[in-house]
Structure formats: C-alpha cells, structure tokens
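So the structure is just underneath, and the comments pick up after that.
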Amino acid sequence: MTGKTRIWFNRGFSLAPIAGLMRAADPTLDVFVSVSQQSAHYNGPTETWIDGGNLEPDDKDGYIAWVREMIAVHEIDIFIPTRRRALIASASLPCRVHLPASIPTLEILDDKYLFSAEFAGEEHHLPTYLAQGSDDLERLLRDWPISEGEPGPCVKPRNGVNGLGFWRLMDVSPMAHLKDSERRCIRPEQYLAAVRDQELRGPIDDIVVMPYLPGPEISFDILAVHGKMLKYAARTKLGTGRQHIVSRHPLEDLVASIVAKFSLHGVVNAQFRRAEDGRWLLLEINARPAGGVVYADQVGCSLIADWAGLLTGRLTPDTIDRSEVDTEVAFSTVVRPVAA
C-alpha cells in the first residue's frame with residue numbers, strides 16, 4: 001500500500017492537465033488516466049494506460065474484467081468513468097465509482113433531442129427538431145426558408161460530443177464547405193443529398209435541427225455535490241484565442257436550478273449561447289469536466305483542486321471557498337515533443 005488515495009479516469013477530454021491539477025492540489029493523490037490507442041501520453045497523470053488494453057471495442061465482459069484487474073493491481077480507490085458509464089454502473093466493482101448523475105439522467109443529457117424537450121416552454125429553451133432520415137429533414141427544411149445573408153438552421157448528430165458533425169445550412173457557394181471546412185457551412189441541398197446517399201448505403205444516425213445562435217457562447221464549469229452547486233466559473237468565449245472568466249454571473253440562479261434539476265455531482269459543464277433577440281439559450285450539459293476548466297483553475301477558481309479535496313474527504317461542501325475572479329485570458333500555441 002502507498003498510503004495515497006488513487007483515482008482513475010477512463011477516457012475523456014483534457015484529462016492529463018486535470019490529473020496534473022489534482023495532484024498539484026493534493027500530494028497524497030495518485031491520478032491515473034486511460035486513453036485510446038491513438039492518444040499521446042501527456043504529462044500530468046501518475047501513469048497513463050491504453051483503455052481496455054488490446055480488447056475488441058464490443059467486448060463488454062472483457063472490458064469489465066480488465067477494469068477489475070486494473071483496480072486490483074493498482075489499488076484504485078475511486079473510479080471516475082467518462083465512457084461506458086452504463087456498463088460500469090451495472091457491474092459490481094471493488095472500489096468507489098463516481099458518476100455525475102444517474103444513468104437515466106445521463107441518457108437524457110447525451111441525447112440532444114430529449115435534453116431539449118426537458119426545457120420546452122422555458123425562456124432558455126433552444127427549439128430542437130428531430131430528423132430520422134432524409135424525408136424528415138427535407139420536410140423540416142421546406143418549412144425553414146433559407147435566404148442569402150440570413151442565418152439558417154444548424155444540424156448535429158442526435159448523440160455526439162465535441163462539436164462532431166455540426167454544420168450550418170446556408171445559401172453559400174457550392175464549394176464553400178470544401179474550400180473552408182472550418183466554417184462548417186454547407187448548402188442545404190448538398191447536405192440533404194449526402195444524407196440520402198448514406199441511406200442507400202446503410203442506416204443513418206438521427207439528426208437534430210435547430211436555429212443557429214450568433215453568440216457569444218458562455219461555458220459554465222461547475223462543481224456540485226448531489227444537485228447543489230458549490231461554485232462555478234463562467235467562461236465567455238471571445239474568439240481569437242481569448243476568454244473572459246468570472247466567478248459571478250447573472251445566469252447563476254438559472255445554472256443552479258439546472259444543476260438541481262438533474263442532481264449533478266462533481267465537475268460538469270453547461271453551455272449557453274446568445275440568440276438574436278438577446279436571450280441566453282441552453283445548448284447542452286456535458287456531464288464531465290470540459291477541457292477549458294483548466295483555464296479557470298489557472299486563474300484561481302480551483303474547481304478541479306476542490307473536487308480532488310471533496311473526493312478524498314480533505315474538504316467538505318461547507319468548506320469550499322468561492323474566490324472572486326474576473327479576468328481575461330489569451331492562448332498561444334506551443335510546440336513540444338510528446339511520448340508516443
């Protein structure tokens with residue numbers, strides 16, 4: 001035995017710097033991270049593993065057996081899964097498993113259509129429509145006029161993370177999506193044709209269609225305990241590699257009510273974006289730490305550091321300090337070699 005508390009994260013975004021912040025806050029912590037086969041091993045964790053070893057992706061029984069082995073070999077005290085959560089929650093494991101919400105709640109949060117429906121009729125609701133194939137999508141677009149220079153709808157996969165599959169449907173040049181794919185703009189008839197082509201080749205994932213919001217976007221990094229928000233950092237994304245970070249924001253009461261509604265637990269993230277009429281609409285809740293939470297901690301918000309303290313029992317909810325933060329940060333690119 002090492003005398004240290006040992007935490008393990010399986011997969012996720014920015015886990016290496018999160019692990020580093022936890023260890024810096026509490027030297028009695030070891031923090032392990034498991035990553036995909038293609039991921040580099042960054043500084044921060046005590047040790048980094050390949051998630052699942054050499055198992056096939058669909059080998060559920062093998063994965064649980066591997067998890068049990070890793071917990072035993074490395075004497076893990078707390079397992080924080082960010083993938084395969086339902087599978088892990090259904091297994092009996094020889095350590096504490098930390099989840100950000102119940103499995104039924106996580107299923108809602110991971111489903112953009114069901115998540116939107118939870119807020120129907122509320123001021124911060126983002127209208128979201130479901131397209132289960134090309135016919136549904138064509139019908140929605142027929143009733144959604146798109147004119148030059150005007151914001152059209154945007155589309156995303158019903159389930160997905162990290163902006164994967166996001167496109168704006170606009171009256172742009174037919175070559176726009178090839179010349180500048182980073183703008184994520186495509187003509188609606190081209191997107192629809194691609195959906196139809198995919199249907200001929202096999203099943204297609206459900207798509208959600210929603211209004212495009214001009215922004216800006218605010219990302220709330222939240223530390224909560226069983227539905228009670230203890231502290232947060234609100235990061236307004238200003239573009240050009242800058243963010244404004246505050247620890248007090250006018251949306252605080254609304255965010256606290258959302259945390260309570262889903263009984264969120266640990267470090268999670270809620271994202272809002274401003275609509276054309278000036279309202280802040282709720283885009284999504286990520287039931288995991290967002291990558292940008294490390295910026296908030298670096299300017300004094302201590303969300304990850306305090307989370308580590310709560311996990312180990314070094315801190316209690318009533319001892320969490322809310323430091324006043326109101327600052328702007330900028331980012332630059334640094335090139336450095338990493339281990340393969």
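The values are calculated or read from the model by the stated rules, or taken from the named source; none is laboratory data. Computed from a prediction, not measured in an experiment: that's the story for all the values here. Note that we place each Cβ from the backbone using ideal geometry, even for glycine, and neighbour counts take in every protein chain shown.
Things to note:
- Between Ala330, Ala287, Ala256, the distinction of being touching a strand residue (DSSP E or B) at 6+ places or on another chain (Cβ under 6 Å), surrounded by 21 or more Cβ atoms within 10 Å (Cβ to Cβ) and in contact (Cβ under 8 Å) with a residue 24 or more places away in the chain belongs to Ala287 only.
- Residue satisfying all of: in the stretch 293-324; at positive phi and within 24 Å of the chain's Cα centre (by Cα); surrounded by the fewest Cβ atoms within 10 Å (Cβ to Cβ) among these: Gly300
- Test: residue in the stretch 45-59 that is surrounded by fewer than 17 Cβ atoms within 10 Å (Cβ to Cβ), out of contact with any Cys (no Cβ under 6 Å at 6 or more places or on another chain), part of a helix (DSSP H, G or I) and without any contact (Cβ under 8 Å) to a residue 24 or more places away in the chain: no
- Within the stretch 167-206, considering residues that are in contact with a Cys (Cβ under 7 Å, 6 or more places away or on another chain) and part of a loop (DSSP other than H, G, I, E, B), the one surrounded by the fewest Cβ atoms within 10 Å (Cβ to Cβ): Val172
- Checklist (1) more than 25 Å from Thr327 (Cβ to Cβ); (2) buried (at least 19 other Cβ atoms within 10 Å of the Cβ) applied to Phe220, failing item: (1)
- The stretch 241-253, residues that are of a type outside the set (Gly, Ala, Ser) and either within 19 Å of Pro289 (Cβ to Cβ) or touching a residue at least 12 places away in the same chain (Cβ under 8 Å) (or both): Arg242, Gln243, His244, Ile245, Val246, Arg248, His249, Leu251, Glu252
- From the list Gly20, Gly44, Gly53, the one residue that fits, being under 23 Å from the mean Cα position of the chain (by Cα) and on the phi > 0 side of the Ramachandran plot, is Gly44.
- Selection from the stretch 210-259 of residues that are in a loop (DSSP other than H, G, I, E, B) and within 27 Å of Lys156 (Cα to Cα): Tyr212, Leu213, Pro214, Gly215, Pro216, Thr240, Gly241, Leu251
- Among the residues of the stretch 229-266, the ones that are within 18 Å of Leu109 (Cβ to Cβ) and not β-branched (Val, Ile, Thr) come to 12 in all.
- Candidates Val73, Val67, Val97, filtered to the one that is surrounded by fewer than 18 Cβ atoms within 10 Å (Cβ to Cβ), at pLDDT 95 or above, under 15 Å from Phe32 (Cα atoms) and within 25 Å of the chain's Cα centre (by Cα): Val97
- Candidate set: the stretch 1-11, residues that are surrounded by fewer than 22 Cβ atoms within 10 Å (Cβ to Cβ) and out of contact with any His (no Cβ under 8 Å at 6 or more places or on another chain); chosen: the one modelled with the highest pLDDT: Thr5
Yes or no, residue by residue, for (1) modelled with pLDDT under 95; (2) in a loop (DSSP other than H, G, I, E, B):
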site	(1), (2)
Val267	no, no
Leu283	no, no
Gly291	yes, yes
Val294	yes, no
Trp307	no, no
Leu315	no, yes
Asp318	no, no
Val329	yes, no
Val334	yes, yes
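- Neighbours by Cβ (under 7 Å, 6+ apart or cross-chain): first from the stretch 71-90, in contact (Cβ under 8 Å) with a residue 40 or more places away in the chain; second assigned to a loop (DSSP other than H, G, I, E, B) and surrounded by fewer than 14 Cβ atoms within 10 Å (Cβ to Cβ): Ile71/Pro94; Glu75/Met1
- Residue list for the stretch 109-166, restricted to those being closer than 26 Å to Glu252 by Cβ and not in a loop (DSSP other than H, G, I, E, B): Leu109, Lys112, Leu114, Phe115, Ser116, Ala117
- Residues of the stretch 24-37 include none that is surrounded by fewer than 16 Cβ atoms within 10 Å (Cβ to Cβ), over 23 Å from Ala287 (Cα atoms), of a type in the set (A, V, I, L, M, F, W, C) and modelled with pLDDT under 90.
- Test set (1) at pLDDT 95 or above; (2) within 14 Å of Ile285 (Cβ to Cβ); (3) hydrophobic (A, V, I, L, M, F, W, C); (4) not in a helix (DSSP H, G or I) - Leu106 fails condition number: (4)
- Look at (1) crowded, with 20+ Cβ neighbours inside 10 Å; (2) assigned to a loop (DSSP other than H, G, I, E, B) and you find that Leu21 fails only one, number (2).
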